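What follows is a set of notes on a single structure, which appears directly below.
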Protein chains: 2
Amino acid sequence: MNIFIATVVDKTGTLTSEESWHCAKVLRKKAGDPIQLIDGTGNFYEAILELVSDKKCTAKILSGPLLQQKRNYYLHLAIAPTKQIDRIEWMIEKAVEIGIDEISFINCHNSERTVIKTERINKIVESAVKQSMQAYLPKVNELVSFKDIVASSNAEQKLIAHCFDSEKENVKQVDFKNKTTLILIGPEGDFSKEEVELALKNKYRAVSFGENRLRTETAGLYVCQTASILS
Amino acid sequence: MNIFIATVVDKTGTLTSEESWHCAKVLRKKAGDPIQLIDGTGNFYEAILELVSDKKCTAKILSGPLLQQKRNYYLHLAIAPTKQIDRIEWMIEKAVEIGIDEISFINCHNSERTVIKTERINKIVESAVKQSMQAYLPKVNELVSFKDIVASSNAEQKLIAHCFDSEKENVKQVDFKNKTTLILIGPEGDFSKEEVELALKNKYRAVSFGENRLRTETAGLYVCQTASILS
């Protein structure tokens, strides 16, 4: 059955404008068709379409909310967008399928891309959430400077994955369970030495991904999978 | 330093024809330039280019072989190619970066793609091996029927990831360490009931990836990552 993202008040779900258009124009749903709704904050609903137009669709709630169990960790991935945008988009889709809570894009000294359209990223996120049958929508933040993200986060543990030779924890050894974790993944040309120093001063721990040298987007995904597997 | 794939005999490495072309025409290397070689079976060499032409390049070995440590598991992923070829190609690149030993493509009842160019896949594999600085080349097999792969494998443990409701092990519980494992990942429309039954009859164990419904290519990658983290 098709899943749509909606705002639910009392016994009525109102699909977002994007979802209404998709429901009416692409899937050609009609009043009376059964659908599933998610509200993005963990709730699933069974519903039946009442009003169907390409601007606005509403549905009557038949049952729910059924609450999706929350993950036992909170993962915030802050990553430098790759030069080829499809690489980062692909990563976002996979990260959402596997499980992620918050995504930030960071502007670093060696960044080869300094602009990202979060509207487009949000569409990928929404599509992956529905496809993988989840009910929580990960938060997507606008691009921030490296300096700002380092200074601002309140995560319980903060990690930085850099390629300089130094003592590092293997990410497999990190305990993600029941914690909020922020991890910084650098651009193709790595973080600058100054950026790494700034992070370490701000109590970030350096982590590695083992022997193989991973691309930026592979590293991002590797963290999501590691947290998922070890929690 | 640039890494190339070569056959090494005595103190001379001969680059493959593809690599020779890349070395001479794309990277415009000259005789006397230092390069790194891998032979695909685990050995790294430091070398210096002697003969450079777009048909054939040779290099004098300066040091090596330096043997890359083998993984402590052998993973054979047999996957149904996705309808959109770029999805499976992405997955192959990432699987190689993270670690995989053998890749097969399977033709299933619900397959939406029944042809795959392994020559193209091999190029992706070679590029990812070099990019991630590994010295082992994973084996890539031609497309086979589901029936043939089920009947033919000698892997110590054999797994099938299907979406039917049944008792399944979570892939996190599988012990990959010091074992050869073959895992079958089905097409977008899942395996057929008959295929699952045939696999179970042949001592395959059913595995799941947890609650989220993963796309074919995400599932393939998730297995590589799980084996990498848990071994």
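What does the average come to when, for each residue of peptide A:204-213, you count the partner chain Cβ atoms lying within 10 Å of its Cβ?
Shielding by partners across A:204-213 averages 3.
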Taking the Cα centre of segment B:74-230 as the origin and placing charges on Cβ (Lys, Arg +1; Asp, Glu -1), which of B:His162, B:Val140, B:Val207 is farthest toward the positive end of the dipole? B:Val140
Links exceeding 20 Å between C-alpha atoms in this model, out of A:Lys123/B:Lys94; A:Lys179/A:Lys203; B:Lys25/B:Lys139; A:Lys70/A:Lys117, come to A:Lys123/B:Lys94; B:Lys25/B:Lys139; A:Lys70/A:Lys117
Can you give the angle from 0 to 90° between the axis of helix A:118-131 and the longest principal axis of chain A, with both taken from C-alpha atoms, to the nearest 10? 60 degrees
Pick from B:Gln68, B:Gln131, B:Gln84: which is most flexible by mean-square fluctuation in a GNM of chain B where alpha carbon atoms under 10 Å apart are linked? B:Gln84
Using distinct alpha-carbon pairs, which all enter the 1/r mean, Kirkwood radius of the protein assembly as shown in Å: 24.0 Å
Comparing the chain by itself with all protein chains present, which residues of segment B:80-125 are at least 10 Å² less accessible (probe 1.4 Å)? B:Arg87, B:Trp90, B:Glu93, B:Lys94, B:Glu97, B:Ile98
Relative frequency of Cα-Cα separations exceeding 21 Å in segment B:129-231, percent: 36 percent
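What FRET efficiency, computed as 1/(1 + (r/R0)^6) with R0 = 30 Å and r the Cβ-Cβ distance, is obtained for A:Thr12 and B:Lys83, rounded to the nearest 0.05?
For A:Thr12 and B:Lys83, the calculated efficiency is 0.25.
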Distance cut-off 20 Å, percentage of C-alpha pairs in segment A:106-178 lying past it: 55 percent
For segment A:1-142, size of Cβ-based charge dipole, Lys and Arg +1, Asp and Glu -1, in debye: 220 debye
In peptide A:222-229, how many Cβ atoms from other protein chains are near each Cβ within 10 Å, on average? 5
Quick check: Cα centre of segment A:61-124 to Cα centre of segment B:160-190, how many Å? 26 Å
Taking each residue of B:128-137 in turn, how many C-beta atoms of other protein chains fall within 10 Å of its C-beta, and what is the average? 2
Choose one answer from B:Leu221, B:Leu66, B:Leu182: the residue with the largest mean-square fluctuation in a GNM of chain B with alpha-carbon springs under 10 Å. B:Leu66
Percent of all Cα-Cα pairs per 10 Å bin for segment A:3-67, counting from 0 up to the last occupied bin, reads 27, 60, 13
Round to a whole number: what % of the accessible area of the protein assembly as shown belongs to carbon and sulfur, probe 1.4 Å? 48 percent
Using unit Cβ charges (K, R positive; D, E negative) and no other charged atoms, how large, in debye to the nearest 20, is the dipole of segment B:74-230 about its Cα centre? 160 debye
If I take every Cα pair under 8 Å that is 6 or more residues apart in chain A, average their sequence separation and divide by the length, what percent do I get for the relative contact order? 20 percent
Cα radius of gyration and Dmax for segment B:1-143 (Å): 16.6, 54
With the 1.4 Å probe rolled over protein heavy atoms, chain A has an accessible area per residue in Å² of 47 Å²
Name the residue, out of A:Asp33, A:Asp148, A:Asp165, whose mean-square fluctuation peaks in a Gaussian network model built on chain A with Cα pairs under 10 Å. A:Asp165
I need the fraction of alpha carbon pairs in segment A:73-143 separated by more than 14 Å, rounded to a whole percent. 55 percent
Relative to the Cα centre, what is the charge dipole magnitude of segment A:150-231, using +1 at the beta carbon of each Lys and Arg, -1 at the beta carbon of each Asp and Glu, and rounding to the nearest 20 debye? 300 debye
Mind checking which of A:Ser20, A:Gln36, A:Gln84 is farthest towards the positive end of segment A:15-138's charge dipole, using Cβ charges of +1 (Lys, Arg) and -1 (Asp, Glu) about the Cα centre? A:Ser20
Each label sits 7 Å from Cα toward the beta-carbon; between A:Arg205 and A:Val115 the label points are separated, in nm, by 3.9 nm
Could you run the numbers on buried accessible area between A and B, total for both chains, 1.4 angstrom probe, in Å² to the nearest 100? 2700 Å²
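The values are calculated or read from the model by the stated rules, or taken from the named source; none is laboratory data. From a predicted model like this one, the values you see are computed outputs, not experimental measurements. Note that we place each Cβ from the backbone using ideal geometry, even for glycine, and neighbour counts take in every protein chain shown. For accessibility, only protein heavy atoms count, side chains too; no ligands or nucleic acids. Shrake-Rupley method; radii C 1.70, N 1.55, O 1.52, S 1.80 Å.
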